[in-house]
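Trainee: Let me begin by handing over the structure; questions about it come next.
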């Protein structure tokens, strides 16, 4: 789709010259002889970018810029200025212009500015479209935490809804960072227990001697330092859901007591004689293969089968890469708000690297990556160079080796040829990658007699 550029300048030669040059670059061009005419075109036409002179009769370039920023905040405006009004052009950038170029115009520089501005606009539009898709997905799934439209995630969400209101125990498996806790949260949210407590315990966070106390509580005097009685997590979860993360880390003694609770729905506090009854739906999660742990004698077989009544496996991110753009949009929105930033999106090269990367740390690693780049961003967009090295170098990115002693002309020729080949012969795309105007690229091809290669 062709982009439309509005050129506003009271000098006819500049207007007409820019029209010819921009149309030659593949843009649609509208012309205005002053600010008032430009404003009428802006409110009545579908315009993607404005190139405006600073000094025009009637409505000046500065005043036109203020109206554009107020009414079309995402519209990029590039200012044309003479050497005597550079200070005014700098002021215009403070007021919202994306850049300025001095007269006489350097067309290659202007074209580069336009491409960058339109790329940023396109990234913003893509991000807005993803945000809308994200909100629609959240409404359809009823969950604002589990993000995904891939076949595997759709099946998982269907299974979550199907078993959410059952009383059966659920075992959630999956690699570290895939979002097992979010699945447990969704099970609770979609169940009739949603108004009850949702208690979480990370079994790996407690020493063996402390985990029993954490789960079952204790009576006063049960051990040295027990100056008062204390409820355990099972009591706190009564009427709701208890989520035991990293269940594979619990010792044999605690496994026996946990098995009894699952069988009889009763237990005693440490040091206590009174048997307590609880109504708790147990959800457990692990990144281990518990069946292997059973075979090795490290996990009780009877407890394994009590936990694994319903099994939900959360796929790793590398197996559902089509969900990455939605997840990026989700994290971008979250971390922009949390860190008071306004990053608009990732460039196509950055997104390509993120799609090539296998994300061994899964969603947790992706979220950390997005937050880091948002916090450290110096631009409205995240570029390939802003990503961590491991992600930046993901995939088999093509490289070009130029021997020492090669002339600049020969090196330039090799780079141009390699880039055109990388872009599948698309010279317009190659020009964009190289940061050249299309006419400049064609001229260089003719210079090196490469036009037909």
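The values are calculated or read from the model by the stated rules, or taken from the named source; none is laboratory data. Every value quoted in this text rests on a predicted model; they were computed, and no experiment measured them. Glycine gets a Cβ as well: all are built from the backbone with ideal geometry, and neighbour counts include every protein chain shown.
Trainee: Tally up the residues in the range 405-449 that are within 21 Å of residue 26 (Cβ to Cβ) and part of a helix (DSSP H, G or I), please.
Mentor: Number satisfying all stated conditions: 21.
Trainee: Only one residue in 94, 55 is in contact with a strand residue (DSSP E or B) (Cβ under 9 Å, 6 or more places away or on another chain) and surrounded by fewer than 18 Cβ atoms within 10 Å (Cβ to Cβ), so which one is that?
Mentor: Step by step, each of 94, 55 is checked, and only 55 is in contact with a strand residue (DSSP E or B) (Cβ under 9 Å, 6 or more places away or on another chain) and surrounded by fewer than 18 Cβ atoms within 10 Å (Cβ to Cβ).
Trainee: Being buried (at least 18 other Cβ atoms within 10 Å of the Cβ) and in contact with a strand residue (DSSP E or B) (Cβ under 8 Å, 6 or more places away or on another chain) is the filter here, so list the residues in the range 102-112 that pass it.
Mentor: Once the filter is applied, which keeps residues that are buried (at least 18 other Cβ atoms within 10 Å of the Cβ) and in contact with a strand residue (DSSP E or B) (Cβ under 8 Å, 6 or more places away or on another chain), the range 102-112 yields only 110.
Trainee: From 174, 239, 179, 232, which residue is in contact (Cβ under 8 Å) with a residue 40 or more places away in the chain and within 20 Å of residue 263 (Cβ to Cβ)?
Mentor: On the way: 174 fails: within 20 Å of residue 263 (Cβ to Cβ); 179 fails: within 20 Å of residue 263 (Cβ to Cβ); 232 fails: in contact (Cβ under 8 Å) with a residue 40 or more places away in the chain.
Going through 174, 239, 179, 232 in turn, the sole match is 239.
Trainee: I would also like to ask the following. Looking at the range 21-55, which of the residues that are at pLDDT 90 or above and part of a loop (DSSP other than H, G, I, E, B) is nearest to residue 439 (Cα to Cα)?
Mentor: Among them, the one singled out is 27.
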